[in-house]
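The values are calculated or read from the model by the stated rules, or taken from the named source; none is laboratory data. Quantities reported herein were computed from a predicted structural model and do not represent experimental measurements. Ideal geometry is used to build each Cβ from the backbone, glycine not excepted, and the neighbour counts take in all protein chains shown. For the accessible areas, the whole protein counts, side chains as well, though only heavy atoms, and no ligand, DNA or RNA atoms are used. Shrake-Rupley method; radii C 1.70, N 1.55, O 1.52, S 1.80 Å.
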Amino acid sequence: MRHVLTLSRQLTLFLALGLMVLAWPLHAADRDRIDAFLKTTGFDVALDSIAFASASAPDMLGMEPNSFGSDWTRITEEVFDTEVMHAIAVDILSETLSDEALLHAVEFYASDLGQRLVEAENASHMMEDDEAKQAEGRALVARMVEDGSDRLELLKRLNRAVDSGDTALRALQEIQLRFLLAAAAAGVIELQADPQDMREMLKRNEGSMRRALQASALAGAAYTYQDFSKEDLEAYAEALENPLMQEVYQLLNAVQYEIMANRFEVLAVEMADLHPVQDI
């Protein structure tokens with residue numbers, strides 16, 4: 001079944017997600033240590049939560065989310081298989097993450113504060129009702145604004161530390177474009193704009209997209225870290241701003257976004273064989 005998309009539908013936002021050019025270190029960590037690193041830092045759970053992104057795919061293509069019935073559940077479970085995503089992450093990180101950066105991150109996240117942060121972040125990642133999380137987070141932000149709380153600046157500082165540039169914005173644009181092009185190549189949709197026109201439209205909408213991502217990230221941080229003291233948040237911000245931790249997060253962001261783009265491209269190909277459920 002072929003769907004025709006207008007340019008405005010093509011540019012629907014889906015998750016707060018360019019990919020980064022990676023500098024390969026002289027010494028890379030081995031796979032067993034990468035596995036331990038993923039578990040200690042909680043990034044293994046963040047990878048598992050990528051599967052939730054599949055819910056956005058039909059809407060991006062102008063289709064109803066429930067069009068494919070049980071076929072959709074089956075195919076998304078296969079494409080977003082956690083073992084596959086984990087293997088991709090280990091492959092990339094074992095070739096790119098330096099021993100020094102790995103040990104630095106593990107030392108922090110193995111501490112008492114680090115483990116409490118991992119527990120809170122894991123619970124936040126695996127909360128399927130993102131709308132409820134965002135609503136509670138926005139309410140917390142509104143309360144901080146009303147009270148003039150300096151926690152708000154701490155949360156913004158945390159968010160800047162894990163995405164110091166426009167990484168999420170560039171990734172959102174790249175993942176979206178790659179998914180649409182893959183779906184068009186597979187015959188799932190018919191595009192009414194060429195890739196250059198789509199890139200230009202994305203560029204024109206960067207301001208609103210950036211504000212939406214920042215607001216979403218702030219609400220998410222408010223929800224995730226609501227039970228942590230200001231002292232805890234200050235210590236976390238200082239840890240994240242360390243150059244070695246910056247190296248870690250640049251790589252983790254790049255890995256997560258590349259896995260998302262890869263899985264959405266595979267999903268686009270698989271969707272060509274799905275058949276929407278027909279009302280009788």
(request) Working only within the stretch 58-85, note down all residues that are buried (at least 18 other Cβ atoms within 10 Å of the Cβ) and either within 20 Å of the chain's Cα centre (by Cα) or under 25 Å from ALA239 (Cα atoms) (or both). (result) PRO58, MET60, LEU61, THR76, VAL79, PHE80, MET85
(request) Go through the stretch 224-246 residue by residue and tally those that are open to solvent by less than 50 Å² (accessible area, probe 1.4 Å) and under 25 Å from GLN134 (Cβ atoms). (result) 9
(request) Go through (1) over 30 Å from ILE189 (Cβ atoms); (2) over 20 Å from the mean Cα position of the chain (by Cα) and name the single condition THR224 misses. (result) (2)
(message) Please pick out the residue among ALA110, ALA55, ALA135, ALA120 that is surrounded by fewer than 18 Cβ atoms within 10 Å (Cβ to Cβ), of a type in the set (Gly, Ala, Ser) and in contact with a Pro (Cβ under 8 Å, 6 or more places away or on another chain).
(response) ALA55
(message) For a quick check of your reading: which helices (runs of 4 or more DSSP H) sit entirely within the stretch 1-116 and have at least 1 residues that are of a type outside the set (Gly, Ala, Ser) and at pLDDT 90 or above?
(response) 31-41, 43-48, 69-79, 82-96, 99-109
(request) May I ask you to list the residues in the stretch 87-98 that are touching a strand residue (DSSP E or B) at 6+ places or on another chain (Cβ under 8 Å), open to solvent by 10 Å² or more (accessible area, probe 1.4 Å) and under 14 Å from ASP32 (Cβ atoms)? (result) SER94
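Here's the yes/no breakdown for (1) within 22 Å of the chain's Cα centre (by Cα); (2) closer than 30 Å to VAL145 by Cβ:
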{"position": "PHE179", "(1), (2)": "yes, no"}
{"position": "ALA182", "(1), (2)": "yes, no"}
{"position": "ALA185", "(1), (2)": "no, no"}
{"position": "ALA193", "(1), (2)": "no, no"}
{"position": "ALA217", "(1), (2)": "yes, yes"}
{"position": "GLY220", "(1), (2)": "yes, yes"}
{"position": "PHE228", "(1), (2)": "no, yes"}
(request) Evaluate the following for TYR236: is it touching an Asp or Glu at 6+ places or on another chain (Cβ under 6 Å) and in a helix (DSSP H, G or I)? (result) no
(request) Output the residue which, of all residues in the stretch 207-259 that are touching a helix residue (DSSP H, G or I) at 6+ places or on another chain (Cβ under 7 Å) and of a type in the set (Lys, Arg), is farthest from ALA51 (Cα to Cα). (result) LYS230
(request) Filter the stretch 123-132 down to residues that are open to solvent by 80 Å² or more (accessible area, probe 1.4 Å) and among the hydrophobic types (A, V, I, L, M, F, W, C), then give me how many there are. (result) 1
(message) Among (1) modelled with pLDDT of 95 or more; (2) part of a helix (DSSP H, G or I), there is one condition MET260 misses while meeting the rest; what is its number?
(response) (1)
(request) Within the stretch 213-223, track down each residue that is small (Gly, Ala, Ser) and open to solvent by less than 50 Å² (accessible area, probe 1.4 Å). (result) SER216, ALA217, ALA219, GLY220, ALA221, ALA222
(request) Would you check which residues across the stretch 138-174 are of a type in the set (D, E, K, R) and surrounded by 15 or more Cβ atoms within 10 Å (Cβ to Cβ) and list them? (result) ARG138, ARG151, LYS156, ARG157, ARG160, ASP163, ASP166, ARG170, GLU174
(request) Return the residue satisfying two criteria in turn: it lies in the stretch 262-274 and is aliphatic (A, V, I, L, M) and surrounded by fewer than 21 Cβ atoms within 10 Å (Cβ to Cβ), and of such residues it is farthest from ILE88 (Cα to Cα). (result) LEU274
(message) With the structure loaded, tell me whether GLN196 is closer than 22 Å to LEU61 by Cβ, among the polar types (S, T, N, Q) and at pLDDT below 85 or whether it fails that test.
(response) no
(message) Suppose we filter the stretch 176-211 for residues that are part of a helix (DSSP H, G or I), open to solvent by less than 70 Å² (accessible area, probe 1.4 Å) and of a type in the set (S, T, N, Q); how many remain?
(response) 2
(request) Please tell me if GLU258 is within 27 Å of VAL79 (Cα to Cα) and open to solvent by 30 Å² or more (accessible area, probe 1.4 Å). (result) yes
